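Below you'll find the structure, written out as structure tokens, and then a few comments.
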Amino acid sequence: MSNDANLSGFQKDRYFGRAWAMLTQEKGWWKPVLLCALGALVPIVGPLAVLGYGLEWSRRVAWGSTEGPSRQVKIGGLIKSGWRGFVVVAGWSIAAGVVGTIVGNLPWIGDFLGSVWWIFSLFLNVAFLAAAVRATIYQNFKAGYRAKTLWQMVSRDPWGLVKIFVINLVAGLIVGVVTIMVFMPALFGSLGFIVDLADYMNGYYYYMTEAEEMRLALEVLGFFVQQFAPAFFAALLVSLVAGSFVGLLINCGIGLWLRQFDVPAWGKDEDPLPETNVVETSVSELPASPVAEPPAPAAPVAPVSPSPEPTTPVAPVAPVVPAPAVDEQAAAEPVPAASEPAPSSADAKKTCAVCGSELPENAKFCIECGAAASAPAAEAASEPEAPAEDAAVAVAAPDEPPVPGTEDEKDDEAADDDSDVIMVTPIAVAPVDVLSQNREDIQQQPADMQSEPTETGEEQ
């Protein structure tokens, strides 16, 4: 469908292009043209309905419509509009014929002026059609005979009517040439018969009886009907279809020409035209087409090639080793520097973490201070021991990551809420003064009893 922005508003040129676009903008646009051609074959009312159909479309175009010819019409209304337009055009044509007769009968220059007037009357036919459109707008015969108002319209833009007249003249010549071309095959095919007939009539006409003359006339008539009938109907169909098409174009052009006079602002049919005309709209000022352009196709995304290197698996997290319970004295003593190398398992000795005194290899409590004995650094780093039952320290062992959405994940989330709090049960330590008093008694114990702590030591 054509862009409405190119059909709206008034432009002093492009009458033919815009009229063509409006006529052919819809699918099946040829159907109204064909119906007009067939309707013109109906005597009297057919041509009136075709004329009224074009005038009604011209009226809508003058009001600013950009639609094509209407397909929902009332035949009675079309005949009425056609009759109104015919009366207006016929009245002005009769007046022009009277003036041409008077001018042609003038002495000395009558023949020249008559020829000029005849050519000028061809242009006047377009102006008469504009008067018929004005009568259709007002639905009144009188509006088409307002000479003063019609003169105002023609004098303001005579070149617009000249352009429409040229379109009508050129289209009429093209239709005439096409019609003649349709007759040419039949004409050339009958030349031989025409020559033989002329020769026969020249030699035997005076010797023919009335019966022979009648028989020859019937033979000539039958030949021409047989020879020219197909060409005649073909030429008639071409002329009717082309004439209907050109007639609709001219009516649309008249409606486009009337837009400059601001038809919606007209008053009564006897009122003069508005003082200001519609400003011409250039093509650059017309609104853009409402149909959005299709978006540009997006650039193809290059596929990401998979990395040839295998992904290194993540090492499992080492288990958390609970720190041994220390008292306030252990917190005050300095911690050895991290840069010193750890002693090997063979050279490492068991020492007290509180007072630093050496302990037997299997001792679990310090003899000096009574604190719990700690394992050598090398053994603690390589083989972490599980926490004692008495310590009651909650330690989470590293497990495989839970599968999302399963019950394991829910249990792990619940466990994470409690993992921030570590329950530590302090180990009962005997007072330092008590242990110092009984130090001599403890050293006198047999060696086998030192390696295995008593129930009292375990409870302590």
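So what's region 9-117 giving for Rg/Rh, alpha carbon basis, Kirkwood Rh from the mean inverse pair distance? Mind showing how you got there, number by number?
On the way: Rg = 18.5 Å, Rh = 16.5 Å.
With Rg and the Kirkwood Rh in hand, the quotient comes to 1.12.
I'd like the distance separating the alpha-carbon centroids of region 169-201 and region 112-148, in whole Å.
Cα centroid of region 169-201 versus Cα centroid of region 112-148: 35 Å apart.
Separation between the PHE112 and PHE86 pseudo-spin-labels, each 7 Å from Cα along Cα→Cβ, expressed in nm?
Rounded to a tenth, the inter-label distance reads 4.0 nm.
Once fully extended, how much extra length lies between VAL177 and ALA265, figured as 0.36 nm per residue of separation less the alpha-carbon to alpha-carbon distance?
27.4 nm
Identify, among PHE120, PRO32, GLY54, the residue whose Cα sits farthest towards the positive end of the charge dipole of region 1-121, taking +1 on the Cβ of Lys and Arg and -1 on the Cβ of Asp and Glu, with the dipole about the Cα centre.
So the residue furthest toward the plus end is PRO32.
Residues of region 212-252: accessible area per residue at 1.4 Å, in Å²?
For region 212-252, the solvent-accessible area averages 54 Å² per residue.
Which order do peptides 265-272, 233-240 fall in by mean Cβ count within 10 Å, highest first?
Highest-to-lowest ranking by the protection proxy: 233-240, 265-272.
Expected output is a single nm value to one decimal: the length gained when fully extending between LEU216 and ILE94, i.e. 0.36 nm times separation in residues minus the C-alpha distance. What is it?
39.5 nm
For region 1-131, with all protein chains present and a 1.4 Å probe, just round the carbon and sulfur fraction of the accessible area to a whole percent. Walk me through the intermediate numbers first.
Details: 5070 of 7210 Å².
Roughly 70 percent, rounded to a whole number.
How long is the gain from LEU169 to TYR205 if the chain were fully straight, where each residue apart is worth 0.36 nm and the alpha carbon distance is subtracted?
That works out to 8.4 nm of additional length.
Would you mind calculating the relative contact order of region 1-149 from Cα pairs under 8 angstrom and at least 6 residues apart, reporting the percent as a whole number?
Reported as a whole number, the value is 22 percent.
The values are calculated or read from the model by the stated rules, or taken from the named source; none is laboratory data. Quick caveat: nothing in here was measured; it's all calculated off a predicted structure. A quick note on method: Cβ atoms are made from the backbone with ideal geometry, for glycine too, and the neighbour counts reach across all protein chains shown. Accessible surface areas use protein heavy atoms only, side chains included; no ligands, DNA or RNA. Shrake-Rupley method; radii C 1.70, N 1.55, O 1.52, S 1.80 Å.
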